[in-house]
1. Could you list, in sequence order, the residues of the range 95-106 that are touching a strand residue (DSSP E or B) at 6+ places or on another chain (Cβ under 8 Å) and either exposed (fewer than 15 other Cβ atoms within 10 Å of the Cβ) or within 12 Å of residue 144 (Cβ to Cβ) (or both)?
2. For the range 135-148, check the following and say yes or no: at least one residue is farther than 17 Å from residue 53 by Cα, over 19 Å from the mean Cα position of the chain (by Cα) and part of a strand (DSSP E or B).
3. For residue 115, state whether it is farther than 22 Å from residue 78 by Cβ, touching a residue at least 24 places away in the same chain (Cβ under 8 Å) and either part of a loop (DSSP other than H, G, I, E, B) or out of contact with any helix residue (DSSP H, G or I) (no Cβ under 8 Å at 6 or more places or on another chain) (or both).
4. When the residues of the range 48-71 are narrowed to those that are surrounded by 16 or more Cβ atoms within 10 Å (Cβ to Cβ) and touching a helix residue (DSSP H, G or I) at 6+ places or on another chain (Cβ under 7 Å), which ends up modelled with the lowest pLDDT?
5. Name the residue, out of 109, 96, that is over 19 Å from the mean Cα position of the chain (by Cα) and modelled with pLDDT of 95 or more.
6. If you go through the range 101-111 one residue at a time, how many are free of Cβ contacts under 8 Å to residues at least 24 places away in the same chain and closer than 22 Å to residue 52 by Cβ?
């Protein structure tokens, strides 16, 4: 009986350690990095494709903080209008591209989260479904990725 209990305890702990070693615990599942397919298409557009987007990835000063945009829906209109809706409240702003589509200026305020993205961004990729932006301050990585929903 003692051998059976010992065997079950060892098997359970082995399974536990095996499953933990295969899991990436560095960030929550909702904040995993983009797939190569997501980033595969470089700049194919010079303006955002109109429609609704979620924030797929947000890294602020080397810290992954995607979760702060949970529940936000961003709408890019073809006329330069931008809205962000969260908890049934809509915030209005604008977007504007420059430098041949290599820069995207977002102007939107109303929450702490929106103020973090209210600035000019370098466009690293813009497709019909994905907008990848960076702000490369020295020594810091800031990245914002919108994915169409």
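1. Taking the range 95-106 first, the residues touching a strand residue (DSSP E or B) at 6+ places or on another chain (Cβ under 8 Å) are 95-98, 101-106.
Answer for the range 95-106, where residues must be touching a strand residue (DSSP E or B) at 6+ places or on another chain (Cβ under 8 Å) and either exposed (fewer than 15 other Cβ atoms within 10 Å of the Cβ) or within 12 Å of residue 144 (Cβ to Cβ) (or both): 96, 98, 102, 103, 104, 105, 106.
2. Step one: filter the range 135-148 for residues farther than 17 Å from residue 53 by Cα, giving 135-142.
From what's left, over 19 Å from the mean Cα position of the chain (by Cα): 138-139.
Among the residues that remain, those that are also part of a strand (DSSP E or B) are: none.
Checked the range 135-148: no residue is farther than 17 Å from residue 53 by Cα, over 19 Å from the mean Cα position of the chain (by Cα) and part of a strand (DSSP E or B).
3. Values: farther than 22 Å from residue 78 by Cβ: yes; touching a residue at least 24 places away in the same chain (Cβ under 8 Å): no; either part of a loop (DSSP other than H, G, I, E, B) or out of contact with any helix residue (DSSP H, G or I) (no Cβ under 8 Å at 6 or more places or on another chain) (or both): yes.
No, not satisfied.
4. Looking at residues that are surrounded by 16 or more Cβ atoms within 10 Å (Cβ to Cβ) and touching a helix residue (DSSP H, G or I) at 6+ places or on another chain (Cβ under 7 Å), I get 60.
5. Values: 109 fails: over 19 Å from the mean Cα position of the chain (by Cα).
Testing whether each residue is over 19 Å from the mean Cα position of the chain (by Cα) and modelled with pLDDT of 95 or more leaves just 96.
6. From the range 101-111, those free of Cβ contacts under 8 Å to residues at least 24 places away in the same chain are 103, 105, 109; that's our starting set.
Cutting the leftovers down to closer than 22 Å to residue 52 by Cβ gives us 105, 109.
Summing the residues that are free of Cβ contacts under 8 Å to residues at least 24 places away in the same chain and closer than 22 Å to residue 52 by Cβ in the range 101-111 gives 2.
The values are calculated or read from the model by the stated rules, or taken from the named source; none is laboratory data. Since the model is a prediction, treat every value here as computed from it, not as a measurement. Using ideal geometry, Cβ is built from the backbone for each residue, glycine included, and neighbour counts are taken over all protein chains shown.
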